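Asks: One structure, as structure tokens, below. Some questions next.
Quick note: the coordinates plus some simple rules give every number you see, no bench work behind them. Remember, predicted model here, so these are calculated numbers, not experimental data. Every residue, glycine among them, receives a Cβ derived from its backbone with ideal geometry; neighbour counts consider all protein chains shown.
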Amino acid sequence: MSVFVYHIPLPDGVHEIVLPCLDGHTVYIDNQLSYEAQIEAYRHAIKHIKNRDFEKPDVQEIEADAHEI
């Protein structure tokens, strides 16, 4: 699995964006977050990738599952 990570400014409340690409996935992380919050955003993104969430139709269910402890 290839994961390409970029740190860029994102809108308020958006910590990361994950997009599938030909070689794996691209993760955009908000560069205004603290280091710890950036690590958590990356872990959240990886969880979506590992769970194959891009193949699921219900975004609300995906996020609910991703935020379970």
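Asks: Once you place label points 7 Å from the Cα toward the Cβ at residue 32 and residue 14, how far apart are they in nm?
Replies: Between residue 32 and residue 14, the simple spin-label model gives 1.2 nm.
Asks: Between residue 7 and residues 5 or more places away or on another chain, which pairs have amide H atoms under 5 Å apart, with H built 1.01 Å from N, and which residues are they?
Replies: For residue 7, the qualifying residues are 29.
Asks: With a point put 7 Å past each Cα toward its Cβ, work out how far residue 2 is from residue 40 in nm, to one decimal.
Replies: For the pair residue 2/residue 40, the computed spacing is 3.1 nm.
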